[in-house]
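The values are calculated or read from the model by the stated rules, or taken from the named source; none is laboratory data. This structure is a prediction, so every number in the text was calculated from the model and none was measured. Cβ placement follows ideal geometry from the backbone for every residue including glycine, while neighbour counts extend to all protein chains displayed. Surface accessibility is based on the protein's heavy atoms, side chains included, excluding ligands, DNA and RNA. Shrake-Rupley method; radii C 1.70, N 1.55, O 1.52, S 1.80 Å.
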Amino acid sequence: MSSIIKQAHPWLDGLVAYDPGKPIEETARELGLDPEAIIKVASNENPLGPSPKAVEAMKEAAEGVNIYPDGGGYKLRTAIAEKVGLQRENVVLGNGSNEIIELIGHGFLNPGDNVVAAEHAFVVYKLMATLFGAETIEVPDPDFVHDLDAMAAAITPKTKKVFIANPNNPTGTMVGQDGIERFMDQVPDHVMVIFDEAYYEFLHEPPDTLRYVSEGRNVVIMRTFSKIQGLAGLRIGYGLTTPEIASVLQKCRQPFNTNAIAQAGAIAGLLDIEHQQRTCDLNDEGLEYLQGAFKEMGLEYVPSVANFVLVKVGDGDAVFDLMLKQGVIIRAMRGYKLPEWVRISVGTMEQNERCIATLKQVLS
Ligand SMILES: *Cc1c(COP(=O)(O)O)cnc(C)c1O
């Protein structure tokens, strides 16, 4: 090993870079297929595409990119604050909501600390904790639902953060208001609670976590433009927290971490309620169809409130490969220690039907 590599942080040894869903272009190249013939239901993206109003705003913003963006994100933070009923000082923008996780690490994590998360929680929490030399305490989640009482009990004096993905990816399950309130009653003052609400807008009965921000608790709520708004490629999301925590996170970000086109697209997308409603309706229809099909096929699945379903297919990697060859990209779950499962995102009804037809063929 060259001496420069030995200088890397020792805790990076155990870290494996995040493995994203397979891109359509790459799949098309490998299979010699037309990209148009491939469907990707692997990354919980919006099958309707971005809000047309966001696209319009982004085109306009493109004309002005000789100028640096508004580093403070004044307009977008104001629009978000108005939407959720908080102040601009409560809002921190990130290059995707994933960046908020990193900013929290920069601001608040030291080597030797630990973070608490559910065993099958979104994997990025652990990646980020590892990046800062912190341990992750993984708490069992019976039936793939976060066990908040067990998570509260897992807190130690060295615990700095608890991550609650609500709903969680890849399980599609959520915890409700009662469980959250009982949990918040148990959390000691030295612990920050992070509610990752990337799929919040798909929920029909969303729990209220904003109240904890208003009450001044040590809470960060993360939301994103990547899912219901259909702007995943733009990389923009946000954290909602107390002004005190927000001011620490603001110090930890790059001066221009969210770009001008993203800010413009996000504002327009935020205001396009109709596109969000259409997405939500399509998702309800698709969830019902997919889960009905799994039931009919005799496949075990985890009932989902998000825009994807975790389903048990036997050999997840093999099913992934066989479906890929048919031009249908899904997500294998070995990385989540669920080698028998795959995660399938809700697409358009046409995509859902093709996905199920291909799955039936592959499993027979
Ligand atoms: C998709 C997703 C996000 C969104 O990440 P971005 O960086 O905003 O694209 C965050 N958390 C979870 C659990 C997700 O599944």
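Please tell me if VAL145 is closer than 27 Å to ASN307 by Cα, surrounded by fewer than 20 Cβ atoms within 10 Å (Cβ to Cβ) and of a type in the set (A, V, I, L, M).
yes
If I filter segment 30-71 down to residues being of a type outside the set (D, E, K, R) and free of Cβ contacts under 8 Å to residues at least 24 places away in the same chain, which single residue comes out as farthest from the ligand (Cβ to nearest atom)?
Among them, the one singled out is GLY32.
Could you say whether any residue in segment 269-277 is in a helix (DSSP H, G or I), β-branched (Val, Ile, Thr) and without any contact (Cβ under 8 Å) to a residue 12 or more places away in the chain?
Checked against the condition, which is being in a helix (DSSP H, G or I), β-branched (Val, Ile, Thr) and without any contact (Cβ under 8 Å) to a residue 12 or more places away in the chain, segment 269-277 yields at least one hit.
With the requirement that a residue be closer than 14 Å to ARG182 by Cα and away from the ligand (no atom under 16 Å from the Cβ), what does segment 207-225 give you?
Correct list: ASP208, TYR212.
Determine, yes or no, whether GLU197 is in contact with a Cys (Cβ under 9 Å, 6 or more places away or on another chain) and within 14 Å of the ligand (Cβ to nearest atom).
no
Is it true that some residue in segment 138-154 is assigned by TED's automatic domain parsing to the domain that holds ARG253, within 17 Å of ASP196 (Cβ to Cβ) and in a strand (DSSP E or B)?
yes
In segment 94-105, what residues are open to solvent by 10 Å² or more (accessible area, probe 1.4 Å) and either more than 9 Å from the ligand (Cβ to nearest atom) or under 18 Å from VAL16 (Cβ atoms) (or both)?
ASN98, GLU102
Name every residue in segment 106-126 that is away from the ligand (no atom under 12 Å from the Cβ) and either surrounded by 24 or more Cβ atoms within 10 Å (Cβ to Cβ) or in a loop (DSSP other than H, G, I, E, B) (or both), in order of residue number.
If the condition is that a residue be away from the ligand (no atom under 12 Å from the Cβ) and either surrounded by 24 or more Cβ atoms within 10 Å (Cβ to Cβ) or in a loop (DSSP other than H, G, I, E, B) (or both), then LEU109, ASN110, PRO111, GLY112, ASP113, VAL115, VAL116, GLU119 are the ones that fit.
Taking only pairs six or more apart or across chains, which ones have beta-carbon atoms under 7 Å, a first residue in segment 190-209 that is assigned to a loop (DSSP other than H, G, I, E, B), and a second residue that is among the charged types (D, E, K, R)?
What qualifies is VAL191/LYS160; VAL191/LYS161; GLU197/ARG223; ALA198/ARG223; ALA198/LYS227; TYR199/LYS227.
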